[in-house]
Amino acid sequence: MTDDYAAITTSIMAAVQVIATVQFERLLREWTTPVLTSIERRWAAQDTVIARLKAGEEPTRQELATLRETTLLHRQAAGRGRNDVLKFGITGALWATLSLLIVLTIARILRWSATPHHGPAPELASFVFLTTMVSVGALVLAVIVGVLARIGRNAYVDDNRQKVLRDHLEEVNRRLIAYGESLDTTPAGDDGSSTTGAQTGG
């Protein structure tokens, strides 16, 4: 193994390590942010409706519409999160193994470089070559797994959307279902009033 070979392979592995770290951090944010955001929005919509009920008032159509939308969005986000557990687990394990392999290999290269009058070390050269190829291959594999996971997630979300509408909800959500059913029979304007009369008059 030559000094130039050691420098080149070390640079490649370091670049793969940086890319893998960035991709892992991005995946973590992509996995958690939508779920956390949807939870906060759903809580806010529920609190608004609950406050109305505690005051002995009926929730407005707009408040129910907001609750209905945030409930659907939350269930979709939660479904995507559960589906992404596999992708996250595979990518996380791959990233950890890859990082350990790269760190150990670079440590061996540094030890070889620090040895006075170091020899060619053909076994180390072969190990470094194998680690470099595995690192690059693992990075490509992570991209492929991510694409396949997104395809599977879309199919899961579509199925989950159908199940959401059949769920048994509690008091607040029963009112939400009644509102959703009313949308099929009573067209409404932006102010929540029926537009049947306007359509007849037009």
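The values are calculated or read from the model by the stated rules, or taken from the named source; none is laboratory data. Note that this is a predicted model, so its numbers are computed, not measured. All accessible areas refer to the heavy atoms of the entire protein, side chains included, with ligands and DNA or RNA removed. Shrake-Rupley method; radii C 1.70, N 1.55, O 1.52, S 1.80 Å.
Things worth noting here:
- Alpha-carbon centroid distance for the pair region 27-43 / region 101-134, whole angstrom: 43 Å
- Apolar share of the accessible surface for region 1-78: 62 percent from carbon plus sulfur atoms, 1.4 Å probe.
- Counting only heavy atoms of the protein chains and using a 1.4 Å probe, ASP4 has close to 110 Å² of accessible surface.
- Share of Cα-Cα pairs in region 29-156 lying beyond 17 Å, as whole percent: 71 percent
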